[in-house]
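Chemist: I have a structure I would like to understand better, so I am pasting it below and will then ask my questions one at a time.
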Amino acid sequence: MANEANTQNQPDGRFQAIISHCKEYGFIFPSSEIYDGLQAVYDYGQWGSELKRNIRDYWWNSMTRLHDNIVGIDAAIFMHPTTWKASGHVDNFNDPMIDNKDSKKRYRVDHLIEGNAAELKAAGDEAKSDALIADMEALIAKDDFPGLKTLIETNKIKCAVSGTCNWTDIRQFNLMFATEFGSTVSSDGEDNKVYLRPETAQGIFVNFLNVQKSGRMKIPFGIAQIGKAFRNEIVARQFIFRMREFEQMEMQFFIRPGTQKEWYEKWKQTRLDWHLSLGFPADKYRFHDHVKLAHYADAACDIEFEFPIGFKELEGIHSRTDFDLRQHQEYSKKKMQYFDNDLDPATGKPFGNYIPYVIETSIGLDRMFLAVMSQAYTEEDLSTEEKKDERVVLKFPPKLAPIKLAILPLVKKDGLPEIARQLMDECKTSFYTFYEEKDTIGKRYRRMDALGTPFCVTIDQQTKEDGTVTIRHRDSMVQERVAMNQVREIVWKAIQ
């Protein structure tokens, strides 16, 4: 049985190995690399775009196909600027930041303190690390910026560049990108100012009544959306984990006021079950309740995943109350109410008009990509007494794998490529099928392992004699002989 190699036991080493693998095998490239790139901006390559699309489709189908009361929309990135005033983003979408006076490097305060806590934990002082995080969270909850600076100075937290503790005061930094809309600009630039949306949720809220009325939707119901969002992060870092341009998969679930606690707990479990359906270990996930709630929420938690860089937020579940719809009603002067003709058991009369409450589920598609890649990446030692050998394999859930089936003629002659092409034609309309005839069969197997392909089929001389092929299973490397006309069904069952 293969053993995992010891070379990637260190989290940083494993994370760097994943980043290198992503570039070498066409999953992710630094954007504009020929011009030395752009910080924290990445392009998805030929296999990364396939994996990303498969994750996107899996989420979309689980929301809009498996729930008869959830529908999808695709709202524009640009929205009327008053949208963001109403939502609170203009006034409240800020992060506390601090600069080191010597290096001029800017840090997000929570990241700076969390980094120091991680160093303490790595050094074996877990109690001090936990206490530091607890103190930080308590101060953030009170917006106590002087207290946060004192915490940084008391713990002698240094700048990674200058090595000094010479810090500025902490101040707020708005995260929205602004630009001008149209061909003319007013003297102050305000009349034509628009924002690149920092979240997809507001596109759902402003379309609440459009969807409800046109779809004759009855509460409770949800609206799902996948799309790009943009945040001018102070420190974008850790590969695709935190970027300034990213993709969100969000669902806003509209409910009757007073039922939010029940629905909040239900969606927490539903979303965790979705993650576990991919077959990842349950101990890779945990819930983290928010200490400081956003201005719109009465309850909030994160589903955290254990990345190579530690447990980090993967998905958020928020009870947003009626804040967003009420704000848009106030700023637009348009009613955002729903008439509920179900009978109230307490009065025997219809519930009547009200502004619905909302439960939100929000997951970063790029972070989900990184979670899938992190869990899949495996280095295995295949050495025997006779020779040293190893492989890198991406153990993707078959339904998410970019390539589902690789078809490999043993040699490039004797009619084997023609048979392989025939099988490919039979399969490629059902799932992504890849043809490869270059290099030895062993090298081709290794390349398909590195791309996460769950099945490889080899066409050989025996295929011409009895119509059978060798099918190889990625994770076990077990090979078996099957009829060629069974290949499509075998793969199809595995990816459902």
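Rule-based calculations on the coordinates, nothing more; no lab input. The structure presented is a predicted model; accordingly, all values stated were derived computationally and were not measured. For neighbour counting, all protein chains shown are included, and Cβ atoms are generated from backbone atoms with ideal geometry for every residue, glycine included.
Chemist: Could you work out the helix-only [θ] at 222 nm for the chain, with each DSSP H run of four or more residues adding -39,500 (n - 2.57) and the total divided by the number of residues, to the nearest 500 deg cm²/dmol?
Modeler: Calculated mean residue ellipticity at 222 nm is -10500 deg cm²/dmol.
Chemist: Given all pairs of different Cα atoms, what value in angstroms does the Kirkwood hydrodynamic radius of the chain take?
Modeler: 25.8
Chemist: When Ser362, Ser31 are ordered from fewest to most other Cβ atoms inside 10 Å of their Cβ, what list results?
Modeler: Listing Ser362, Ser31 from fewest to most nearby Cβ atoms yields Ser31, Ser362.
Chemist: When the dipole is taken about the Cα centre of the stretch 94-170, and only Lys, Arg (+1) and Asp, Glu (-1) are charged at their Cβ, what size is it in debye, to the nearest 20?
Modeler: Once rounded to the nearest 20, the dipole reads 380 debye.
Chemist: In nm, to one decimal, how far is the Lys438 label point from the Lys266 one, both placed 7 Å along Cα→Cβ?
Modeler: About 5.4 nm, to one decimal.
Chemist: Compute the signed sum of charges (Lys and Arg +1, Asp and Glu -1) over the other residues within less than 13 Å, Cβ to Cβ, of Leu38.
Modeler: Summing Lys/Arg as +1 and Asp/Glu as -1 gives -3.
Chemist: Quick one: net charge of Gly279's neighbours, Cβ under 12 Å, K/R +1, D/E -1?
Modeler: Numbers: positive: Lys284, Lys395, Lys399; negative: Asp475.
With Lys, Arg at +1 and Asp, Glu at -1, the neighbours total +2.
Chemist: Another question, then. At 4 °C and 1.567 mPa s, what whole-number value in µm²/s does Stokes-Einstein give for the translational diffusion of the stretch 94-170, with Rh from the Kirkwood sum over Cα pairs? Please list the in-between numbers first.
Modeler: Values: Rh = 12.5 Å.
Taking Rh from Cα pairs, D becomes 104 µm²/s.
Chemist: Between the stretch 462-496 and the stretch 257-329, what is the C-alpha centre distance in whole Å?
Modeler: About 41 Å separates the Cα centre of the stretch 462-496 from the one of the stretch 257-329.
Chemist: Now for a different question. Over all alpha-carbon pairs in the stretch 246-307, figure out the percentage whose distance exceeds 15 Å. Kindly include the intermediate steps, with their values, before the conclusion.
Modeler: Details: 1158 of 1891 pairs.
It works out to 61 percent of all Cα pairs.
Chemist: Related question: Projected onto the charge dipole of the chain (+1 at Lys/Arg Cβ, -1 at Asp/Glu Cβ, origin at the Cα centre), which of Ile34, Pro198, Gly163 gives the Cα projection farthest towards the positive end?
Modeler: Pro198
Chemist: Turning to a different aspect of this structure: Taking the stretch 246-328, which trypsin sites (Lys or Arg not before Pro) meet the DSSP loop condition and have no more than 16 other C-beta atoms within 10 Å?
Modeler: Lys292
Chemist: Show me the GluC sites (Glu not before Pro) within the stretch 362-404 that DSSP assigns to loop and that have at most 13 other Cβ atoms within 10 Å of their Cβ.
Modeler: Sites meeting the loop and neighbour criteria: Glu385, Glu386.
Chemist: Another question, then. Report Rg/Rh for the stretch 209-339, rounded to two decimals, where Rg is the Cα radius of gyration and Rh the Kirkwood radius.
Modeler: Radius of gyration over Kirkwood radius for the stretch 209-339 works out to 0.99.
Chemist: Let me ask something additional. Average the reciprocal distances over every distinct pair of alpha-carbons in the stretch 403-494, invert the result, and give the Kirkwood radius in Å.
Modeler: 12.8
Chemist: Charges on Cβ only, +1 for Lys and Arg, -1 for Asp and Glu, centred on the Cα centroid of the chain; of Asn100, Val90, Ala299, which one is farthest towards the dipole's positive end?
Modeler: Projecting each Cα onto the dipole axis, the largest value belongs to Val90.
Chemist: Subtracting the Cα-Cα distance from 0.36 nm times the residue separation, let me have the gained length for Tyr354 to Ala282 in nm, one decimal.
Modeler: Length gained between Tyr354 and Ala282: 22.0 nm.
Chemist: Right, here's the next one. For helix 11-24, report the angle its Cα long axis makes with the longest principal axis of the Cα atoms of the chain; keep it between 0 and 90° and round to the nearest 10°.
Modeler: It is inclined by approximately 70 degrees.
Chemist: How far, in degrees from 0 to 90, does helix 46-64 lean away from the longest principal axis of the Cα atoms of the chain, to the nearest 10?
Modeler: Value to nearest ten degrees: 60.
Chemist: If the only charges are +1 at each Lys and Arg Cβ and -1 at each Asp and Glu Cβ, what is the size of the charge dipole of the chain around the Cα centre, to the nearest 20 debye?
Modeler: 900
Chemist: A further question follows. Sort Leu293, Leu51 so the one with the fewest other Cβ atoms within 10 Å of its own Cβ comes first.
Modeler: Placing the least packed residue first, the sequence is Leu293, Leu51.
Chemist: Work from the charge dipole of the chain (Cβ charges, +1 for Lys and Arg, -1 for Asp and Glu, about the Cα centre) and give the residue of Gly352, Phe455, Ala123 farthest towards its positive end.
Modeler: Gly352
Chemist: What's the ranking of 195-202, 37-44, 298-305 by average number of surrounding C-beta atoms within 10 Å, highest first?
Modeler: Highest to lowest by the protection proxy: 195-202, 298-305, 37-44.
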